[in-house]
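Since the structure comes first, as structure tokens, the remarks are kept for the end.
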Amino acid sequence: MSVGDTEVNSRDRGCPTMGGPVAMPGAAAYPSAFVRNEDDGLAHLDLLVRGARCAGCISKIEKGVNAIAGVQLSQFNLSTGKLSVNWVPGAADPGLITRTVADLGYQVSPYDPGEAEIERDKQGRFLLLCMAVAGFAAMNIMLFSVSVWAGVNGEMQDTTRVFFHWMSALIALPAAAFAGQPFFRSAFASLRKGKANMDVPISLAVLLALGVSLYETMTGGEHTYFDAAVMLLFFLLIGRWLDHRLRGQTRLAARELLSLQAATANRLAEDGSVYAVQARDIVPGDTIILWPGDRAPVDGKIVEGRSDVDMALVSGESAPDLAKAGDPIRAGMVNLTDKLVIKASARTEDSLLAELTRLVEAGETARGRFVKLADRAAQAYVPIVHTLAALSFIGWIVVGAGVHHAVLIAAAVLIITCPCALGLAAPAVQIVAVGRLFKRGVLVKAGDALERLAEIDTVLLDKTGTLTLGRPRLVNAGEISANSQELAAKLARASRHPLSRAIADLAGPGGVAKDAEETPGHGVEGTIDGVRVRLGRADWAGVEKQDENRSGLWLMAKGTEPVHFIFEDAMREDAGQMVAGLKARGLSVEMLSGDREAPARAAAAEAGIDSISFGLTPQDKINRVEALVGDGKKVLMIGDGLNDAPALAAANVSMSLASAADASQAAADMVLQGEKLIPVLTAIDISRAGRGRILQNFGFAATYNMIAVPLAVFGFVTPMIAAIAMSSSSIVVTLNALRPFMIRRKT
Amino acid sequence: MNILVYLIPAALFLALLGLGAFIWTVKSGQYDDMEGAKWRIFMDDNQDDHIPE
């Protein structure tokens, strides 16, 4: 693979190879509040960088930041999107670091790790260590066990065998004491609550096997289960670690929500100086400056300034509104065009954004009650296993075998029924499915999301930004002369207004009118080649208003005919194909829109959706989702706006788009990386195939138990048979999980 | 069979070395960025290599 291929690849993956600067929220522009001074005497800043996906991205970001004077080390973690930067305090400007990354074309925000997350990172490493120790012990004990099994017909002297058993015990006991901790702790905690989870039979089997084996070793007995006990831990730990890695993806969601809250605001002090403070420190009565591109951190009132404000959070509509002094402003609104001074009227905890976060969290808690397939299997499995072990113990006593023999049999039953295969069956399949979906452009944030997706029967779709591209597109470009387009672009590049952006994006990079000035709510004016040119609303540009088309712009150069630019929020190319595909899979499709009736009906008709609701507030959307869930439907919600976030969290499973607002990406279980909707179908197909595969694996595990359990109960299981049976079932399950999915294509 | 008294501790010591090495890789954070590592090999700049000018 050459560097050229990397370039192509990075374009496929949607990396911002063009390197155009992106907007920075306020927190990113003034990240000083998040700089930590570490013990080693260096200042340290963690940033969350989004949009990086390949080698070119890593190298660009690290090189760019390292080139800043004073920066000692910058390291980018592609898996977590975290960029860590160190510098000698005072030698580098933290604002310059974020600006550098934003100028490279990546979204950047300060990253404030919570305690909980640091704890989970530690837990992941601990599981990995336990796995390593168990693996090491299992392999080394097996060397002794195989020798003992090979010498069973008298080739090995008794003293050698006892010596080998002692060596095994020496490795197994400390290894199990260390590597068994995750299971012992969880079993103990669950027993104290008076319940029995999967870890109870596991712990019991391991402890019983070790105890029996130690007794056998001390009395010079023939059979020990050291190898089986430790191997059991090893296989189970593999499953646990895979599961932890899957859940690690969910942390990304929590992190993005956190990064939304980790915003800074520019507080205006009474002496006129401006300080960057953390948003959570703002109290009612504070005066805050909102620069273009800033998101309002709290609810408040505008005291000074006039600007276009993106109200998507409240109305779900992408068209901005004009806000002026005296108007209320709500947390989460984005200032687009001009500086605003606002007076805070609430704290962040009492603001809309916090309310939204709470709704999202509430939804996620409710979703947390979903019981995974593996756990459902375990609930049925645990009592059966315990009863079986107890029955065989009693049975052998009744037959007159003696306590010693009966305990050995019971231990064998517990070991052979221990749910290695069950513990591996689900995580192994999910890891494979998540990996495949990642390659197809779907980021899955939670392993059990795939299980939930496989069960859905209803799909709810948002309109703006989901079925449509969510941004205006110039529709009459063909009728406008290249010259007029170039003139308009020169003005449009100076503005953040969505319509201006549409013109500027179409024209590509180029010059900007020198003295371009934006009048919020009206348009942009500037001098090009000595001529005053205006681009904006009809009445402002000086055109007799001809029709009621709100989403039009007029270009008016002195002494020429005015030119009309018409915009439309275009449907995504594959929206209809996706809806047809959903229907072909037997799902009922419904559209929820915050938009007015006419455009909602038009979009639904174009996409082929029969059932629609329009004019909905965020709360209406939640109500609709909850009503369906209450009826026992399994709902998939696909949405993108900040106002969709609570509904996304309330649905059984949810998807968002890469272009979506941070909060809805955070609330969704899956994020579609590209512009296309077809991956939704792929995700459903893969999740269904994955569910089938998990059930298949449970089937294998059950078959294995049906053969092995009678052997164990009737006392035919020697340590060798236990070892072979256990490892072969685990290997079969893992291989079956890794086998490629076969997906039948339906459109 | 007396040789076992030497061979087994020697074998265990070697295995422990391997385990120690693995524990070191975990502690030094080499599994923290599994995605990034595979891409880094395509980066051309070897800032740490001392290539004569």
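The values are calculated or read from the model by the stated rules, or taken from the named source; none is laboratory data. This structure is a prediction, so every number in the text was calculated from the model and none was measured. For neighbour counting, all protein chains shown are included, and Cβ atoms are generated from backbone atoms with ideal geometry for every residue, glycine included.
Among the residues here, A:A647 does not qualify as within 24 Å of A:T617 (Cα to Cα), out of contact with any helix residue (DSSP H, G or I) (no Cβ under 7 Å at 6 or more places or on another chain) and either in contact (Cβ under 8 Å) with a residue 60 or more places away in the chain or in the same structural domain as A:A627 (by TED's automatic domain parsing) (or both). On inspection, A:D539 fails the criterion of being assigned to a loop (DSSP other than H, G, I, E, B), modelled with pLDDT under 80 and more than 30 Å from A:V434 (Cβ to Cβ).
Mind counting the residues in region A:355-392 that are among the small types (G, A, S), at pLDDT below 70 and in contact with a helix residue (DSSP H, G or I) (Cβ under 6 Å, 6 or more places away or on another chain)? Step through it out loud before you land on a result.
Pass one, region A:355-392, residues among the small types (G, A, S): A:362-363, A:366, A:368, A:374, A:377-378, A:380, A:389-390, A:392.
With the extra rule that they be at pLDDT below 70, the set shrinks to A:362-363, A:366, A:368.
The next check asks that each one be in contact with a helix residue (DSSP H, G or I) (Cβ under 6 Å, 6 or more places away or on another chain); those that pass are A:363.
Counting residues in region A:355-392 that are among the small types (G, A, S), at pLDDT below 70 and in contact with a helix residue (DSSP H, G or I) (Cβ under 6 Å, 6 or more places away or on another chain) gives 1.
Can you tell me which residue among A:K490, A:K463 is under 30 Å from the mean Cα position of the chain (by Cα) and buried (at least 22 other Cβ atoms within 10 Å of the Cβ)?
Details: A:K490 fails: under 30 Å from the mean Cα position of the chain (by Cα).
Answer to the check: A:K463.
Of note, A:S203 satisfies the criterion of being over 30 Å from A:A150 (Cβ atoms) and at pLDDT 85 or above. Listed by first and then second residue, the pairs linking a residue in region A:81-96 that is surrounded by 14 or more Cβ atoms within 10 Å (Cβ to Cβ) to a residue that is charged (D, E, K, R), with Cβ atoms under 7 Å apart and 6 or more places separating them unless they lie on different chains, are A:G81/A:R50; A:K82/A:D46; A:S84/A:D46.
Can you tell which of A:N66, A:N140 is facing chain B (nearest Cβ under 10 Å), of a type in the set (S, T, N, Q), over 22 Å from A:A265 (Cα atoms) and surrounded by 19 or more Cβ atoms within 10 Å (Cβ to Cβ)? If you could, list the steps in order and put the result at the bottom.
Details: A:N66 fails: surrounded by 19 or more Cβ atoms within 10 Å (Cβ to Cβ).
Exactly one of A:N66, A:N140 is facing chain B (nearest Cβ under 10 Å), of a type in the set (S, T, N, Q), over 22 Å from A:A265 (Cα atoms) and surrounded by 19 or more Cβ atoms within 10 Å (Cβ to Cβ), namely A:N140.
None of A:A663, A:A658 is surrounded by fewer than 23 Cβ atoms within 10 Å (Cβ to Cβ), within 24 Å of A:R53 (Cβ to Cβ) and at pLDDT below 80 except A:A658. Number of residues in region A:566-606 that are surrounded by fewer than 19 Cβ atoms within 10 Å (Cβ to Cβ) and in a helix (DSSP H, G or I) equals 12.
Restricting attention to region A:8-37 and to residues that are at pLDDT below 75 and of a type in the set (D, E, K, R), the residue that is surrounded by the fewest Cβ atoms within 10 Å (Cβ to Cβ) turns out to be A:D12. When residues in region B:19-40 are screened for being at the interface with chain A (Cβ under 7 Å from one of its Cβ atoms) and of a type outside the set (K, R), 11 of them pass.
Hey, can you tell me all the residues within region A:83-98 that are within 14 Å of chain B (Cβ to nearest Cβ) and over 11 Å from A:L45 (Cβ atoms)?
Let us first name the residues in region A:83-98 that are within 14 Å of chain B (Cβ to nearest Cβ), namely A:83-84.
None; the set is empty.
For region A:550-565, what are the residues that are within 16 Å of A:L487 (Cα to Cα) and assigned to a strand (DSSP E or B)? Don't jump to the end; show me each part of the working.
If we filter region A:550-565 for residues that are within 16 Å of A:L487 (Cα to Cα), which is where we start, we get A:553-565.
Of everything in region A:550-565, those that are within 16 Å of A:L487 (Cα to Cα) and assigned to a strand (DSSP E or B) turn out to be A:L553, A:W554, A:L555, A:M556, A:A557, A:V563, A:H564, A:F565.
Yes/no per residue for (1) hydroxyl-bearing (S, T, Y); (2) facing chain B (nearest Cβ under 10 Å):
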{"position": "A:T100", "(1), (2)": "yes, no"}
{"position": "A:L104", "(1), (2)": "no, no"}
{"position": "A:Q107", "(1), (2)": "no, no"}
{"position": "A:P110", "(1), (2)": "no, no"}
{"position": "A:F136", "(1), (2)": "no, yes"}
{"position": "A:V148", "(1), (2)": "no, no"}
{"position": "A:Q157", "(1), (2)": "no, yes"}
{"position": "A:L173", "(1), (2)": "no, no"}
{"position": "A:L191", "(1), (2)": "no, no"}
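Taken together, A:Y215, A:Y225 contain a single residue that is farther than 22 Å from B:I23 by Cβ, more than 14 Å from chain B (Cβ to nearest Cβ), surrounded by 22 or more Cβ atoms within 10 Å (Cβ to Cβ) and of a type in the set (F, W, Y), which is A:Y225. The set of residues from region A:297-332 being part of a loop (DSSP other than H, G, I, E, B), at pLDDT 80 or above and buried (at least 17 other Cβ atoms within 10 Å of the Cβ) comprises A:V298, A:D299, A:G305.
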